[in-house]
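Peer 1: Here it is, the structure in full.
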Amino acid sequence: MPPRTTRAIVQTAPRQLELRELPVPEIDADSALLRIEACGICGSDVEQYTGTLPVRFPVIPGHEPLGIIECIGDRAARRWGVDVGDRVAVETLIPCGYCRACIEGRYQVCRGRGGMFAYAYVSLSHPPGLWGAYADYMYLDPHSILHKVRRDLPASLAVMFNPLGAGFRWAVELPRTGPGDTVLVLGPGQRGLASVIAARAAGADRIIVTGLARDAQKLQMAQVFGADHVIDVDSEDARARVLEYTAGRGADVVVEVSSYATEPVAEALYYAATGARVVLAGVKGFTPVPGFVSDLIVAKELTVVGAFGVTSRGYEAAIRLIESGHVPLARMHTHDFPLEEAERAIQMLAGEVPGESSIHSCLLPDVGR
Ligand SMILES: [Zn+2]
Ligand SMILES: [Zn+2]
């Protein structure tokens with residue numbers, strides 16, 4: 001029997017979270033109920049918490065769900081190829097399947113269901129309400145995209161499918177990274193480290209990562225995951241270093257994953273080799289980029305690509321890599337939090353907790369129960 005109620009963290013306004021007990025909806029033939037094992041936390045959680053992202057409150061945050069199918073409708077089980085007891089990773093976006101973006105194969109930017117229809121972004125007032133993974137249970141809409149994951153891995157490791165999926169899409173799939181390529185990653189946060197891991201898995205020849213002086217620990221981690229060189233842009237001449245590490249050519253692939261800093265976007269064009277692919281994935285709060293010299297794109301014939309979210313191919317690659325056990329991913333995972341400490345988890349990722357810093361962290365609803 002499915003539970004009658006679930007605990008859930010509800011966000012009612014910027015920086016306002018409360019723990020509530022909510023009714024669990026009936027599951028019909030096309031939907032399912034997920035028991036949350038873990039929910040990953042990333043920069044988007046911070047933006048949602050502070051109110052930087054436009055979200056209709058009240059809302060249950062948590063857009064990186066990993067869980068076990070608690071109950072499922074017949075048609076849903078056939079369509080998804082999963083059953084009660086299976087562990088699944090859930091994609092954030094819930095595409096409509098019919099709009100122009102969906103039909104053209106760009107479902108990650110689907111707006112066909114009114115705005116961005118995705119876990120953690122749909123209001124609690126939209127039935128059946130349980131649209132976020134900061135909870136014990138979450139509703140699975142018929143249009144959800146699920147990926148089966150082996151059950152014998154720790155949940156805090158399996159839930160890395162999300163940042164790692166981003167690494168595969170942003171650092172490999174979009175810029176078509178392969179053997180012989182020099183990949184430069186700007187920003188050593190969880191997405192930057194995931195980019196290093198993915199580029200290494202794709203056979204990149206050389207990987208360079210930039211960061212700030214305060215990122216020393218993360219830059220060290222980048223080397224654990226296969227970066228050949230790291231650059232502290234606060235104390236080093238980054239343009240000169242990149243040329244030095246690339247025999248004067250510049251990088252074949254530049255992946256910009258820093259959050260809010262605009263300088264790396266302008267600098268990326270200087271680091272890029274002739275004909276390079278530049279992927280922009282770090283959001284900047286819609287502020288203009290000072291010092292952006294578009295002639296560098298013209299003169300070097302650069303390909304500049306925007307990356308919004310992750311698609312199934314990236315998630316699949318990430319899950320296979322996690323299951324392979326080939327990469328010491330656990331070293332990137334720094335913190336587990338019980339549901340009650342959601343706020344602290346977000347604040348820690350945001351760097352608002354003095355003396356503590358997290359790289360990859362997640363909520364584990366079962367911890368502390
Ligand atoms: Zn995320
Ligand atoms: Zn659509």
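The values are calculated or read from the model by the stated rules, or taken from the named source; none is laboratory data. Only a predicted model underlies this, so the values are computations on that prediction, with no experimental measurement involved. Positions of Cβ are backbone-derived with ideal geometry, glycine not excepted, and every protein chain shown enters the neighbour counts. Areas reflect the complete protein model, heavy atoms only, side chains present, ligands, DNA and RNA absent. Shrake-Rupley method; radii C 1.70, N 1.55, O 1.52, S 1.80 Å.
Peer 1: Taking +1 at the Cβ of each Lys and Arg and -1 at the Cβ of each Asp and Glu, which of V196, A247, Y139 sits farthest along the dipole of segment 139-256 towards its positive end, judged by Cα position relative to the Cα centre?
Peer 2: In segment 139-256, that residue is Y139.
Peer 1: In sequence order, what are the phi-derived ³J(HN,Hα) couplings for segment 305-320 according to the Karplus relation 6.51 cos²θ - 1.76 cosθ + 1.60 with θ = phi - 60°, rounded to whole Hz, with x for glycine and proline?
Peer 2: Each residue's phi maps through the Karplus curve to give 10, x, 10, 10, x, 10, 10, 3, 4, x, 4, 4, 4, 5, 5, 4 Hz.
Peer 1: Taking all protein chains as present, what is the carbon and sulfur share of the accessible area of the chain, in % to the nearest whole number, probe 1.4 Å?
Peer 2: Of all accessible area on the chain, carbon and sulfur atoms account for 51 percent.
Peer 1: Considering the dipole of segment 199-302 built from charges on the beta carbon (Lys and Arg +1, Asp and Glu -1) around the Cα centre, which of A281, Y270, G291 is farthest to its positive end?
Peer 2: Towards the positive end, the residue furthest out is A281.
Peer 1: Same structure again: Please state the equivalent ellipsoid semi-axes for segment 69-125: what are the square roots of 5 times the Cα gyration tensor eigenvalues, largest first, in whole Å? Spell out each step's value before the answer.
Peer 2: Details: eigenvalues 113, 44, 20 Å².
Working from the Cα gyration tensor, I get semi-axes of 24, 15, 10 Å.
Peer 1: Next up: Hey, if you put +1 on the Cβ of every Lys and Arg and -1 on every Asp and Glu Cβ in the chain, which of F225, C362, V149 ends up farthest toward the positive end of that dipole?
Peer 2: Selected residue: V149.
Peer 1: Can you give the percent of C-alpha pairs in the chain whose distance is more than 29 Å?
Peer 2: Details: 27095 of 67896 pairs.
Roughly 40 percent, rounded to a whole number.
Peer 1: Next question. Work out how far the C-alpha atoms of segment 1-66 reach from end to end along every principal axis, then list the three figures in whole Å, largest first.
Peer 2: Cα extents, longest axis first: 38, 20, 20 Å.
Peer 1: Which whole-number value in Å² is the accessible area per residue of segment 256-358, probe 1.4 Å?
Peer 2: Heavy-atom accessible area per residue stands at 49 Å².
Peer 1: Suppose every Lys and Arg Cβ carries +1 and every Asp and Glu Cβ carries -1, with no other charges. What dipole size does segment 191-266 come out with about its Cα centre, to the nearest 20 debye? Write out the running numbers ahead of the final one.
Peer 2: Numbers: 8 positive and 11 negative charges, 47 e Å.
Once rounded to the nearest 20, the dipole reads 220 debye.
Peer 1: When only Cα pairs under 8 Å and 6 or more residues apart are kept, what is the percent relative contact order across the chain? Provide the component values of the computation, followed by the final result.
Peer 2: Details: 862 pairs, mean separation 62.3, N = 369.
Over the chain, the number comes to 17 percent.
Peer 1: At a 10 angstrom cut-off on C-beta neighbours, averaged per residue, how do the peptides 149-159, 221-231, 97-107 rank from highest to lowest?
Peer 2: Values: 149-159: 18.5, 221-231: 20.6, 97-107: 13.6.
Highest to lowest by the protection proxy: 221-231, 149-159, 97-107.
Peer 1: Suppose we take every Cα in segment 12-117 and form the convex hull; what volume per residue is that in Å³?
Peer 2: Numbers: hull volume 13.6 nm³, N = 106.
Given the Cα convex hull of segment 12-117, per-residue volume reads 128 Å³.
Peer 1: Follow-up. Using every alpha carbon pair in segment 78-237, what percent of pairs falls into each 10 Å bin from 0 up to the bin containing the largest distance?
Peer 2: Each 10 Å bin holds this share of Cα pairs: 10, 29, 30, 23, 8, 0.
Peer 1: Please report, in whole Å, how far the alpha carbons of segment 161-292 spread along each principal axis, starting with the longest.
Peer 2: 34, 34, 29
Peer 1: Stokes-Einstein D for segment 281-348 at 25 °C, 0.890 mPa s, Kirkwood Rh over Cα pairs, in µm²/s?
Peer 2: Working: Rh = 16.8 Å.
Roughly 146 µm²/s, to the nearest whole number.
Peer 1: Please list, or write none, the lysines whose alpha carbon is within less than 30 Å of the alpha carbon of K284, excluding same-chain residues fewer than 8 places away.
Peer 2: Correct list for K284: K218, K300.
Peer 1: Assign unit charges at the C-beta atoms only (+1 for Lys and Arg, -1 for Asp and Glu), then state the dipole size of the chain relative to its Cα centre in Debye, rounded to the nearest 20. Working shown, then result.
Peer 2: Values: 35 positive and 43 negative charges, 143 e Å.
Here the chain has a charge dipole of around 680 debye.
Peer 1: Mind ranking 232-243, 334-345 by how tightly packed they are, going by the mean number of other C-beta atoms within 10 angstrom, highest first?
Peer 2: Working: 232-243: 15.4, 334-345: 18.8.
Those peptides, ordered most packed to least, come out 334-345, 232-243.
Peer 1: Summarise the long-distance tail of P(r) for segment 53-102 by giving the % of C-alpha pairs beyond 16 Å.
Peer 2: Details: 719 of 1225 pairs.
Within segment 53-102, distances greater than 16 Å cover 59 percent of Cα pairs.
Peer 1: Between R75 and E356, what FRET efficiency follows from the Cβ-Cβ distance if R0 is 35 Å, with the result rounded to 0.05?
Peer 2: Details: r = 46 Å, r/R0 = 1.32.
For R0 = 35 Å, the calculated efficiency reads 0.15.
Peer 1: Once you have a ≥ b ≥ c as the square roots of the Cα gyration tensor eigenvalues for segment 217-369, tell me rounded if a/c is under 1.5, and otherwise prolate or oblate according to whether a/b is larger than b/c. Don't skip to the answer; put the middle values down first.
Peer 2: Working: a/c = 1.91, a/b = 1.73, b/c = 1.11.
It is prolate, given that a/c is not under 1.5 and a/b is the larger ratio.
Peer 1: Here's a follow-up. Rounded to the nearest whole Å², what accessible area per residue is found for segment 4-106 with the 1.4 Å probe? Walk me through the intermediate numbers first.
Peer 2: Numbers: 4430 Å² over 103 residues.
Accessible area per residue, segment 4-106: 43 Å².
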